[in-house]
Every structure is written in structure tokens, then in C-alpha cells.
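One structure below.
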Amino acid sequence: MLKSLTVAAVFVLSFACADLVCAQTGGTSKSQPLALTNHSNDAAASRPVEKVVTPEARAAAKKLYKEGVKYGLAGLFPQAAATLEKVVALDPQFADAYFALGHAYFDMKRWADAAKNLDRALELNPKDVEAQDRLSFARTMLQPYGGGTKPIFVRPARTVEQKSVQLRTAEQKSVEPKPVEPKQVASTQQPVGSPVSVATKAPTPPSVDKEEEDVPDTKTNIDQTALTRIYRIGANDVLDIRVSDSTSSQSTLFTVTPTGFLEHPLLGEPMQVGGLTVEEVTTRIESDLKRRALDNTKVTVGVRDYASHAILVSGLVKDPGTKILRREAIPLYVVVADAQPLPEAARVTVMRNESNQLFEIELTQASDMNLLVRPGDVVTLHANATQFLYVGGEVKFPGEKTYRRGLTLTQAIIAAGGLVEKPKEARLGRDDGRGFLIVTKFKLKDIESGKVPDPLVRPGDRITVVK
């Protein structure tokens, strides 16, 4: 009994000693697992209480900020960092000051200090994409190398402008609908005897044929129409950039480089503008100038000379050659009207090199002429291809007849010399697109009396008039 009490006392004493040691060292005991759940509040508890900034302190911080930026522009990064540390001490809510301070440490390759201040800049301004990029790169440089502390060298993060261009391209590819193909040309416009693709839509029976009137896709039209209202800057475009407080007598015209960069004397480094609108370029220049302590500077950007959005027009037109678009896309009928088609022109093809697509459209088909032409497209006007249909049976001149758009069954019979005696029926045979012939019978008396509509015929149709 005495031995068991002694053992129990030893256990109690050991637990008490363990708790005492943990209390003295700031640690935790295994006998107190609840203490482990308090770490989530440590960061919030350790964050300093934000002080109220007086107008005088804010004004002094703004003045010092301009000095710090000047040091940075001069390449004096230690002096810039020292000055900007005073700025954030005066005004802890100054987001641009934290960004500039992080930038200075970034240029000195002090990655930990850069990451700390850039992270604070993002807390104050979560939409600062450039701060996100630099913070990501700084953190990457802090990653261990082979278990040691040597930083890993990686390709610098893409600039904000490059990322926005790539995101925009991805969005266009994923959201932009496929161009509305103005009918499957292979099934309606190909010469007689040519093979018909199995994937081609089977033609509507002649009794309900309405010349393949396609129902326009409203969503597609809305999405593509937006392209006719914007212009994205490209290589060799000439921009007119005017800065409100600039006293320079230099020209305001600047040519975008072949790689899509803008070089301007007020910018610290070339800016990627390829793929951006003039509004986006204006915002980026003003933001850059603001960070260089050029506040209240108004920037106006316009396109003086358009050069990047080119198409080629050829064929039966009076004015062939290269044409420059002033929008991301314009309707085909505008391109054709500007090129002045010749009288013999009857159809137009649009080769889209970007997606390796070919559109073939008849000039008389108004709805199809709304197809949007994009930069890089090749537009060619052609004469109408001669197509035929075949009439036989009880007609005066059976054989091969020339097809024209809008030709009806009775018109084809008249072109064959008219009826012999008094046949009662016309049989219209048509390829279904898979090599099989579909025959539809029409009572001539019903057509003449108006009980049934006079059906339209197509190239390659076989008409047989029987008694």
C-alpha cells in the first residue's frame, strides 16, 4: 500500500514539473493539448494596432514619398528604402509607399523585406496586379535550394501587360463562338458529280424546301458584334500620347514596336501595349506616372495611324489590295462595298488563316454578308460557278439545264421547252448527301391551281415528268 502511494506521488510531481517547465519556457505540455488551438489567433494578436493618421502626418508622408521615388529612379535604392521606411511609419495606410518600399528592396535583392512590404501593399490594395507579380517572384527566390538557403533562379514573372494580353486571348478562344458558317457550301454549291461529305446536313425534302434559310444564332451575333466596337493596339500602330503637365516640345506620336511595346520618355521602362485598348493604355500610363510621384497628371491616348489590322481583298473588284481595319472586326458587306465589286462578281470567299476556315457566300444572300471579317482574313470575289440540273420525261427538250438561284420546278420545265401532251406528275430526285436519291412527287395540277407551292430546285436535281 505504501509503495503504491509513493509511485502515485512521483507521477503527480512529474506532471507538475512538466507544467512548470512549459510555463517558464513558453512551451506547451502534452497534458494540455488545448493550447495547440490558440495559434490561429497569434497573427491577429501580434498585428500592431493601426494608429490614426493626422492630416499633418499624411502630408509629410506624401512629401517624403516623392523624395523616396526620386531616389529609386536615380538608382539609389538604399536611400530610397530608408526614406520610404519613414513614410510607412508616418502613414501605415499608404499603399503606394509600401509598394515602392517593396520595389526598392526587390531591386536590392532583399527578397524577405521585399515580400513583407509587397504583401502589405496587397492588403491595402488587393487589385494591384504588379505587386502580386513581384511578390510571387520574391517568394520564389526565397525557396530553399537543395536543402540549403541558396535561392532558386527562375524566369522573372510576366509583366502585368503580358498577362492581361494572354488572359484576353484565352478568353476570346473559350468564349468567342465559332463563326456562323453561311450554309454548308459543300452541299449546295459544289459542282455536279463531286463527292458529298457524309457529315453534310441532309437537304430538306423539296415539298418544304425554303432555300435553306438559316436561323441566326442570337447569342453568337451579340458576342461577335462587340468586336465591331473596339480596337486593340498592335505592332506598328502610331499612338498620339498627350500628357497634361508635360512641357516637352517633342512629338506626341509614338510607334508601337514590332513586339508590341511602347517606349515613352516619361515611362521608366518600355510598356507592353499590344492587345490593349486605348482606354487600357491610358489607365496604365497614368498609374505608372502616379507611382513616380507625378500626381494629377491627365493622359490622353489615341491612335493616329492604324497599321496592325490588315486584310487582303482580291478578285473581281475595282480596288483590290491590302486594307486596314480600324476595329477588331467589320461586316463582310462593308469590305465588299469599299472594294467596289465588278458586275460579273457573284460570290465571295473568306479564308481565315487564323483558324484555317473557308467561307463561301453568294453576294445576293444578305444575311450571310453579315459575316465578320477579322485581321488576317483574305477576301476574294469570284464569278458565279456554272451549275446544272437535269430535266427528262414528257418535255420538248430534255437534258442538262443551267441552274440559277431561285429557280422553281415549273420554271425548269419551261426551260426544257414545256410539257408534251398532258402529263400529270413531276418527280424531283435529290441526293441526300450520302449518295442516296430521295424522290418527291408533285401533282402538276396542284401546283398550277396554287394548292401547293412551286418548289425550289437545286443544282444537281433530276426532274422527270411522267403521265
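Okay, here's what the table says:
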read-out: Relative contact order [Cα under 8 Å, 6+ residues apart], region 55-157, whole percent; value: 18
read-out: Cα-based Rg and Dmax for region 55-157, where Dmax is the largest Cα-Cα distance (Å); value: 14.1, 50
read-out: Residues listed by number, region 431-463, amide nitrogen under 15 Å from Lys424 label point at 7 Å toward C-beta; value: 441-447
read-out: From phi via Karplus (6.51, -1.76, 1.60), per-residue ³J(HN,Hα) for region 462-467 in Hz, x at Gly/Pro; value: 10, 10, 10, 9, 10, 7
read-out: With 10 Å bins from 0: P(r) over region 94-139, alpha-carbon pairs, percent; value: 38, 57, 4
read-out: In region 70-148, the trypsin sites (Lys or Arg not before Pro) that fall in loop regions by DSSP, at most 13 other Cβ within 10 Å; value: Lys109, Lys127
read-out: Loop sites in region 366-435: GluC sites (Glu not before Pro), DSSP, at most 16 other Cβ within 10 Å; value: Glu421
read-out: Loop-located trypsin sites (Lys or Arg not before Pro) in region 313-364, at most 11 other Cβ atoms within 10 Å (DSSP); value: Lys318, Arg326
read-out: For region 238-305: relative contact order, % (alpha-carbon pairs under 8 angstrom, 6 or more apart); value: 42
read-out: Computed lengthening from Asp454 to Ala226, 0.36 nm per intervening residue step minus Cα-Cα distance; value: 78.0 nm
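Just so you know, all these numbers are worked out from the coordinates, no wet-lab data involved. Quantities reported herein were computed from a predicted structural model and do not represent experimental measurements. In this analysis, Cβ positions are derived from the backbone assuming ideal geometry, glycine residues included, and neighbour counts consider all displayed protein chains.
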